[in-house]
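Trainee: One structure coming up, written as C-alpha cells, with questions to follow.
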Amino acid sequence: MLARTALVIACLELAGCAAFRPPAPPPELAHARAAIRAAEREGASADRRAALHLALARSELAQARRRISVGDLEGARWLLRRAEVDAELAKLLVQEEGLRDAAGRTLDQASTLAGGKDP
C-alpha cells in the first residue's frame, strides 16, 4: 500500500512538472531568424543604413525571446513580426545600393559607347 501511494505521488509530481512547460515558440520566431540570416548573408552589416535595421531586428528578436520565456506570446509575436520586417528592410537596402551601383556603371558604359556625349 505504501509503495502504491509513493508511486501515485511520483506520477502526480511528474504530471505537474509536465504541465508547467514553457509555451512552444510561435512560428514567427523561425521567420524572424530566417530574415535576419538572409540580411546578414546579403551584407547588411557593411551598409550603414542596413546595419541600423539589422541591429533593430536583432534587438527585437532578443526582446521577443524574453517575452516568450515569461509566457507573453502575443507580445513576442508582435516583436517577432517587427524583427522580420526590419531584417527584410535591411536586406532590401543592401540590394538597392547594389542596383544603384550597377545602374551607375551601365550609364557610364552607355556614355562611353556614345562617345562621351551627354544624351
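Trainee: Given (1) under 11 Å from the mean Cα position of the chain (by Cα); (2) over 27 Å from A24 (Cα atoms); (3) not aliphatic (A, V, I, L, M), where does R49 come up short, assuming only one miss?
Mentor: The one condition R49 does not meet is (1).
Trainee: Same structure again: Can you spot a residue in the range 91-103 that is open to solvent by less than 100 Å² (accessible area, probe 1.4 Å) and closer than 30 Å to S69 by Cβ?
Mentor: yes
Trainee: Being without any contact (Cβ under 8 Å) to a residue 12 or more places away in the chain and not in a helix (DSSP H, G or I) is the filter; apply it to the range 39-77 and report the residue that is most open to solvent (accessible area, probe 1.4 Å).
Mentor: V70
Trainee: Look at the range 28-38 and say how many of its residues are under 13 Å from A90 (Cβ atoms) and surrounded by 16 or more Cβ atoms within 10 Å (Cβ to Cβ).
Mentor: Result for the range 28-38: 3.
Trainee: Output the qualifying pairs, or none if there are none: Cβ atoms under 6 angstrom, residues six or more apart or on different chains, first residue in the range 82-98 and farther than 23 Å from Q63 by Cβ, second residue of a type outside the set (K, R) and assigned to a helix (DSSP H, G or I).
Mentor: Short answer, once both residue conditions are applied: V94/E42; V94/A44; V94/A50.
Trainee: Out of curiosity, is R82 modelled with pLDDT of 95 or more, open to solvent by 40 Å² or more (accessible area, probe 1.4 Å) and touching a helix residue (DSSP H, G or I) at 6+ places or on another chain (Cβ under 7 Å)?
Mentor: Yes.
The values are calculated or read from the model by the stated rules, or taken from the named source; none is laboratory data. This is a predicted model, so every value here is computed, not measured. Ideal geometry is used to build each Cβ from the backbone, glycine not excepted, and the neighbour counts take in all protein chains shown. The area values use the complete protein model at the heavy-atom level, side chains included, leaving out ligands, DNA and RNA. Shrake-Rupley method; radii C 1.70, N 1.55, O 1.52, S 1.80 Å.
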